[in-house]
Amino acid sequence: MQGMRWLGSIKRRGWLSIWLLFAVILMGGCAGGSPAEGEMEGETVPDDNLIVVGVSQIGSESVWRTANTASIQRVFTKENGYFLIFKNARQKQENQIKALRSFISQRVDYIAFSPITERGWDTVLLEAKEAGIPVILIDRKVKVRDDSLYVAWIGPDFVNEGRLAGEALEECLKRQGRQEESIHIVVLQGTEGSTSAIGRSRGFLSVAEEHKNWNILEQVDAEFTTAKGQEEMERLLRKYENIDVLISQNDDMTFGALEAIRKSGKKAGEDGDIIVISFDAVKNALKLVEEGSITADVECNPNQGEYVAEVIRRMENHENVAKLNFVEEQVFTAENVRERLEEE
Ligand code: AHR
């Protein structure tokens, strides 16, 4: 059985060499002749002993995403025994599907990808399964009819993150003595249909439902980007005069929203006009937690590359692999943020 798998692997890697050689010849004929960004990591034909991993990343929409990509690229190096084929989908599901199909035709050993949204993956994942290529999900999940279409998922507990944000708001309102006051909330959500936006919304709403005095004025998709965060917050500030709280589902949108709040002449923070609760806990946001304009930042741990490598290591050794693998996270407030800032 093991011998069969090994032979299969050799066969796959042989095909991959031929495919890459062919691609290099083709590209040599094109203007400039350089490979598409990040596709071959500067390498032409990989060493047959390396484990070939095809990774499709969503894009570069946020500081968090850049850190997530870096954690993958740090781990899947030649020195560690891997050949990484990395593709950036630039926020388009169709690009991710294309990337997955190219990994299948290249007969990589493993596919790992962070699905932009949960739906629409059944067909391509079935193609991977039929080709005998294990698929590992990073960060976000997929909703498929058959869960055996992927071997494992590694990522954060997004519902819990949302709950933690709700609890942070409860604590802040308690400190302010506003538990009975009518509280007006706006929510900047991440990409519609993504696991992170769905989970964070669900978790926060589960806490909000316990408070009859919390009124959610509007929840709006701001795509996890600074530009959209600013645009939507400007619109919300024009539409509602009484916003007490902003829940912003990532730090990039928060940066944009803070700019909108500043431009409107209002002050963000527990001692200001609008309480701001954010997600991700990237360094520049943690500085704002310390300075007071963000009251709490729920961490989203981007360092998932090591976890993916551990799943692959276990599979190579024919060990059991857990289907769901959660990364560790915490909440940062003015009370504990200094310690984290000093670590970075
Ligand atoms: O899926 C994780 C989310 O995606 C992060 O919170 C956000 O910054 C990213 O773009």
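What the table shows:
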| quantity | calculated |
| --- | --- |
| Too-long pairs where the Cα-Cα distance tops 22 Å, listed order kept, from Lys92/Lys141; Lys78/Lys143; Lys239/Lys263; Lys174/Lys267 | Lys78/Lys143 |
| Charge dipole (the chain, unit charges on Cβ, about Cα centre) - positive-most of Gly81, Val142, Gly132 | Gly132 |
| Over the chain, relative contact order from alpha-carbon pairs under 8 Å, at least 6 apart, % | 15 percent |
| Relative contact order (%) - the range 225-312, alpha-carbon pairs under 8 angstrom, separation at least six | 25 percent |
| Estimated FRET transfer efficiency (Asn49, Arg101; beta-carbon r; R0 25 Å; 0.05) | 0.45 |
| Dipole moment magnitude, nearest 20 debye, the chain about Cα centre, only Lys, Arg, Asp, Glu C-beta charged | 1280 debye |
| Dipole moment magnitude, nearest 20 debye, the range 107-252 about Cα centre, only Lys, Arg, Asp, Glu C-beta charged | 140 debye |
| Lys, Arg +1 and Asp, Glu -1 on Cβ, resulting dipole of the range 272-339 about Cα centre, debye, nearest 20 | 220 debye |
| Under 15 Å, Cβ to Cβ, from Ser264 - net charge with Lys/Arg +1 and Asp/Glu -1 | 0 |
| Surrounding net charge for Phe158, when Lys and Arg each add one and Asp and Glu each subtract one, Cβ distance under 13 Å | -2 |
| Spin-label pair Asp271/Arg313, simplified geometry with 7 Å Cα→Cβ offset, distance in nm | 4.7 nm |
| Net charge of neighbours whose Cβ lies under 14 Å from the Cβ of Leu237, counting Lys and Arg as +1 and Asp and Glu as -1 | -1 |
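Where a number appears in this text, it was derived from the coordinates with a stated rule and is not lab data. Bear in mind the structure is a predicted one, so any value in this text is a computation, not a measurement. Here the Cβ is made from the backbone with ideal geometry for all residues, glycine too, and neighbour counts use every protein chain on show.
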